[in-house]
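Let me begin by presenting the structure, written as structure tokens, before commenting on it.
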Amino acid sequence: MTDRPAIGTWARLSDAGAALAGIEQMEVYGRVVAIRGLLVEVAGPVAAMRLGGRLDIAVETGTGAVPCEIIGFQGERALAMPFGSLEGVRRGCPAYVRDEAAGALRPSAAWLGRTIDALGRPIDGLGPLEAGPAIYPLRADPPPAHARKRVGPPLDLGIRCINTFLTMCAGQRMGIFAGSGVGKSVLLSMLARYTAADVAVIGLVGERGREVQEFLQDDLGAAGLARSVVVVATSDEPALMRRNAAYVTLAVAEYFRDQGAQVLCMIDSVTRFAMAQRDIGLAAGEPPTAKGYTPTVFSELPRLLERAGPGTGQGAISGLFTVLVEGDDHNEPVADAVRGILDGHIVMERGIAERGRYPAINVLRSVSRTMPKACDPAYLPTVKRARRVLSTYADMEELIRLGAYRAGASPEVDEAIALMPDIEAFLGQGKEEATSIGEGYARLAEIVGDS
């Protein structure tokens with residue numbers, strides 16, 4: 001039989017436990033030793049720091065701590081970048097190491113109708129956010145490929161051009177590729193209002209500050225905002241904030257997906273996320289590659305975009321991600337990488353916008369990888385015939401405009417010329433107009449004569 005400790009021993013152990021409980025928790029910190037641009041070098045207990053971890057640099061100006069993220073290590077120093085201004089930071093400032101939960105979110109259903117920043121803080125003046133019970137990390141791994149459900153039934157987006165020619169399924173991820181000023185923000189607002197989803201989570205990454213209120217009040221509207229969570233990081237904010245806005249958007253979308261909701265997740269734009277990651281990579285000393293983009297850009301893009309899609313339960317995240325193509329070059333590095341990751345792409349062209357047809361979508365250059373299975377079998381011949389008409393007209397468009405084509409030379413071209421005005425009217429859609437999938441199919445069948 002094992003001897004039990006004497007009662008006096010238990011008393012001494014109890015006293016020791018009480019004394020330990022009364023000791024203040026130890027804080028681990030380093031000190032700022034150098035600042036190069038937006039890069040802060042911190043010396044100290046680097047073994048207690050981790051890549052992607054948080055530091056709070058204490059300043060003496062009364063503005064509180066400056067939150068930073070560790071982006072790399074060099075020798076015995078940690079390299080960090082700030083989430084805000086470095087005003088007041090000097091050599092010798094203590095940089096406190098925060099735990100792994102720093103920066104994680106606790107979303108809840110009460111977040112609907114709210115606007116938050118890239119750190120999950122409310123910026124709409126409506127008071128604090130109600131925290132949920134579960135913690136959602138900003139850089140969660142995508143669901144395991146073998147455990148994910150397949151994409152669901154066709155998703156009604158309310159945009160007849162996309163509904164008919166580029167039918168999207170619940171849980172699918174599509175890219176919207178466009179240059180600046182061709183109407184992608186208006187298209188996003190229409191999708192946010194008209195898509196048949198339970199919740200919309202919208203990330204405005206690197207957006208112009210002037211346009212945020214216009215998007216919320218005019219484009220999204222009160223009804224659209226009521227079922228949405230909007231994450232905002234404007235173009236003047238540091239690179240970490242612009243990058244984090246995309247992570248926060250996916251984390252909030254994952255919460256609602258886990259509640260069994262059908263979530264529409266939109267990010268405008270993935271290109272600005274890539275630019276922010278490029279700035280961070282270059283500051284950390286990564287070598288630039290194509291157009292200055294660093295290798296981590298092309299490793300982070302799939303990690304971000306793969307988080308959207310079907311989950312392992314009933315909920316799913318349907319993703320719509322805009323890509324701002326530089327100089328209208330649809331083969332630039334970010335556009336090319338994103339096109340290979342997503343389940344389809346919607347191409348918007350400046351030439352179509354210039355002739356006044358909105359949304360300025362080029363159907364022939366756009367692809368949905370769930371077609372033709374997503375299309376109603378009864379109307380699939382209709383869609384195929386309409387595509388042939390568009391292709392025929394596109395091949396002969398220059399000759400037709402120059403007057404070099406003679407009527408009667410080709411029955412297919414004559415048919416395309418006759419049908420194009422009605423098809424063009426079908427492809428255009430007003431900002432306040434919504435068309436269901438069934439209505440779109442029926443209207444297209446009337447135009448091309450199939451049913």
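Against the list (1) under 12 Å from VAL338 (Cβ atoms); (2) in a loop (DSSP other than H, G, I, E, B), the condition GLU300 fails is (2). The set of residues from the range 255-270 being open to solvent by 10 Å² or more (accessible area, probe 1.4 Å) and not aromatic (Phe, Trp, Tyr) comprises ARG257, ASP258, GLN259, GLY260, ALA261, GLN262. Going by the structure shown, is GLY103 assigned by the TED database to the domain that holds LEU250 and farther than 20 Å from ILE341 by Cβ? It is false that GLY103 is assigned by the TED database to the domain that holds LEU250 and farther than 20 Å from ILE341 by Cβ. What residue, among those in the range 58-67 that are assigned to a loop (DSSP other than H, G, I, E, B) and either at pLDDT 90 or above or among the small types (Gly, Ala, Ser) (or both), is farthest from the chain's Cα centre (by Cα)? The residue in question is GLY62.
I need the full set of residues from the range 330-368 which are assigned to a loop (DSSP other than H, G, I, E, B) and surrounded by 16 or more Cβ atoms within 10 Å (Cβ to Cβ), in order please. Steps first, answer last, please.
The initial filter retains those residues of the range 330-368 that are assigned to a loop (DSSP other than H, G, I, E, B), namely 330-332, 342-343, 349, 355-360, 362, 366.
HIS330, GLU332, LEU342, ASP343, GLU349, ARG357, TYR358, PRO359, ALA360, ASN362, SER366, listed by residue number.
Among the residues of the range 198-218, those identified as surrounded by fewer than 19 Cβ atoms within 10 Å (Cβ to Cβ) and of a type in the set (Asp, Glu) are ASP198, GLU211, GLU214, ASP218.
Suppose the filter is part of a helix (DSSP H, G or I), within 25 Å of the chain's Cα centre (by Cα), surrounded by 14 or more Cβ atoms within 10 Å (Cβ to Cβ) and of a type in the set (Lys, Arg); does ARG385 pass it? Give the derivation first.
Working: part of a helix (DSSP H, G or I): yes; within 25 Å of the chain's Cα centre (by Cα): no; surrounded by 14 or more Cβ atoms within 10 Å (Cβ to Cβ): yes; of a type in the set (Lys, Arg): yes.
No: the conditions fail for ARG385.
For the range 68-91, which residues satisfy the criterion of being open to solvent by 40 Å² or more (accessible area, probe 1.4 Å) and part of a strand (DSSP E or B)?
Within the range 68-91, the subset open to solvent by 40 Å² or more (accessible area, probe 1.4 Å) is 73-77, 85, 87, 90-91.
Once the filter is applied, which keeps residues that are open to solvent by 40 Å² or more (accessible area, probe 1.4 Å) and part of a strand (DSSP E or B), the range 68-91 yields PHE73, GLN74, ARG77.
Right, THR294: in contact with an Asp or Glu (Cβ under 7 Å, 6 or more places away or on another chain), open to solvent by less than 10 Å² (accessible area, probe 1.4 Å), hydroxyl-bearing (Ser, Thr, Tyr) and not assigned by the TED database to the domain that holds LEU51 or not? Answer is yes for this residue.
Against the numbered list (1) part of a strand (DSSP E or B); (2) in contact with a Lys or Arg (Cβ under 8 Å, 6 or more places away or on another chain); (3) of a type outside the set (Phe, Trp, Tyr), GLY224 comes up short only at (1).
With respect to GLY120, is the statement that it is outside the structural domain of LEU38 (by the TED database) and either open to solvent by less than 10 Å² (accessible area, probe 1.4 Å) or in contact with a strand residue (DSSP E or B) (Cβ under 6 Å, 6 or more places away or on another chain) (or both) true? Yes, satisfied. Selection over the range 47-67 of residues that are surrounded by fewer than 16 Cβ atoms within 10 Å (Cβ to Cβ) and within 25 Å of SER235 (Cβ to Cβ) gives a count of 3. Applying the selection to the range 190-203, what residues are closer than 26 Å to THR435 by Cβ and in contact with a strand residue (DSSP E or B) (Cβ under 7 Å, 6 or more places away or on another chain)? Across the range 190-203, the qualifying residues are LEU191, ALA192, THR195, ALA196, ALA197, ASP198, VAL199, ALA200, VAL201, ILE202.
Among the residues of the range 407-428, are any polar (S, T, N, Q), open to solvent by less than 60 Å² (accessible area, probe 1.4 Å) and touching a residue at least 40 places away in the same chain (Cβ under 8 Å)?
Taking the range 407-428 as the starting set, the residues that turn out to be polar (S, T, N, Q) are 410.
From what's left, open to solvent by less than 60 Å² (accessible area, probe 1.4 Å): 410.
Then drop every residue that is not touching a residue at least 40 places away in the same chain (Cβ under 8 Å), which leaves none.
Scanning the range 407-428, I find no residue that is polar (S, T, N, Q), open to solvent by less than 60 Å² (accessible area, probe 1.4 Å) and touching a residue at least 40 places away in the same chain (Cβ under 8 Å), so the answer is no.
Examine the range 367-381 for a residue that is of a type in the set (A, V, I, L, M, F, W, C), under 23 Å from GLY183 (Cα atoms), in contact with a strand residue (DSSP E or B) (Cβ under 6 Å, 6 or more places away or on another chain) and touching a residue at least 24 places away in the same chain (Cβ under 8 Å), and state whether such a residue exists. Checked against the condition, which is being of a type in the set (A, V, I, L, M, F, W, C), under 23 Å from GLY183 (Cα atoms), in contact with a strand residue (DSSP E or B) (Cβ under 6 Å, 6 or more places away or on another chain) and touching a residue at least 24 places away in the same chain (Cβ under 8 Å), the range 367-381 yields at least one hit. Residues in the range 233-254 that are open to solvent by 10 Å² or more (accessible area, probe 1.4 Å), β-branched (Val, Ile, Thr) and within 25 Å of PRO302 (Cβ to Cβ): 0 in all.
The values are calculated or read from the model by the stated rules, or taken from the named source; none is laboratory data. Because the structure is predicted, anything quoted here is derived from the model rather than measured. Counting neighbours? That spans all protein chains shown, and the Cβs are built from the backbone with ideal geometry, glycine included. In case anyone asks, the SASA skips ligands and DNA or RNA and just uses the protein heavy atoms, side chains included. Shrake-Rupley method; radii C 1.70, N 1.55, O 1.52, S 1.80 Å.
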